[in-house]
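Here is the structure we will look at.
Read-outs throughout are calculated quantities, based only on the coordinates presented, and are distinct from any laboratory measurement. Predicted model, so just to flag it, every value in this text is computed and none were measured. Please note: Cβ atoms are built from the backbone with ideal geometry, for glycine as well, and neighbour counts cover all protein chains shown.
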Amino acid sequence: MDEIRPRHAAVAQERAPVVVVDDLHVKYRVFASGRAAKGARSGMLSVTRGVRTVHALKGVSFVAYENESIGVIGSNGSGKSTLMRTLTGLTPPAAGAVYARSRPNLLGVGAALLPNLSGSRNIVLGGLAMGFTKAEVLELREEIGEFAELGDSLDLPMRTYSSGMQARLKFSIAAARSHDILIIDEALAVGDRRFRKRSEARIREIAKEAGTIFLVSHSMTSIRDTCERTIWINKGVLEMDGPTDKVVKAYEASKK
């Protein structure tokens with residue numbers, strides 16, 4: 001990609017930039033509801049439904065480089081998920097810009113598979129959606145199933161799975177392919193400790209294969225174990241960006 005030097009972002013010379021976020025602002029509108037809206041509909045009140053603008057991200061700037069695993073932390077409603085959705089192009093910016101070498105791939109526990117299909121058939125469906133050929137995904141199906149640790153349940157409908165089993169399957173499908181830019185939103189927050197460790201190891205492998213990882217999580221253990229760098233979003237503002245231990249320590253201190 002062309003060299004881009006955003007405001008408020010340092011440019012490292014030893015790695016190529018993969019994602020550049022330049023003075024990003026995101027706003028969305030919230031419509032009034034409740035008693036006032038009910039009264040207006042019934043004709044009892046002459047009320048114009050109110051509209052409030054929420055400034056979800058305020059001037060966020062940073063650069064992500066090749067082979068980085070970046071944690072994204074912040075309390076609920078801070079703007080973490082909005083930032084990730086903007087990186088993928090799902091949410092448009094009100095101002096500023098996002099530049100990416102390739103389209104970021106979003107993996108989250110809400111990734112859509114079909115609950116009435118078996119785990120095995122969902123592996124094929126998910127693999128095809130990710131760009132595998134049918135032959136490739138059939139070849140990988142057994143390996144993906146083993147990584148997900150579903151055993152005989154692989155042949156049962158996914159609706160019978162626990163939330164942890166579903167999360168393992170979704171992670172295993174997405175992690176079967178190396179991604180240039182992968183966003184994981186709370187994917188490691190479920191499942192047992194052993195699977196989380198295996199997932200973290202796979203994330204590190206993807207990063208070594210010239211991938212860039214963004215991990216959004218409330219688990220500071222997962223962030224520390226997986227990410228060399230962390231971004232802290234607070235009320236829509238980039239509060240801190242630096243080495244994980246330093247940023248997590250400051251974030252935890254702010255909670256006391």
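Give the separation of the Cα centroids, region 224-253 to region 115-187, in Å.
31 Å
Suppose R0 equals 30 Å. What FRET efficiency, 1/(1 + (r/R0)^6) with r the Cβ-Cβ distance, do Arg194 and Lys256 give to the nearest 0.05?
That gives a FRET efficiency of 0.45.
May I ask you to derive the FRET efficiency for Lys235 and Ala135 from their Cβ-Cβ distance with R0 = 41 Å, giving the value to the nearest 0.05?
FRET efficiency, Lys235 to Ala135: 0.25.
Between Thr88 and Glu205, how high is the FRET efficiency from 1/(1 + (r/R0)^6) when r is the Cβ-Cβ distance and R₀ = 35 Å? Nearest 0.05.
Efficiency, rounded to the nearest 0.05: 0.95.
For region 64-254, what is the convex hull (Cα atoms) projected area averaged across all directions, in square nanometres?
Approximately 10.9 nm², given one-decimal rounding.
I'd like to compare 89-95, 77-83: which one has the highest average count of other Cβ atoms within 10 Å, and what's the full order after that?
Averaged packing, sorted descending, gives the order 77-83, 89-95.
Compute the length gained on full extension between Ser162 and Arg29: take 0.36 nm times their separation in residues and subtract their Cα-Cα distance, giving the result in nm to one decimal.
44.4 nm
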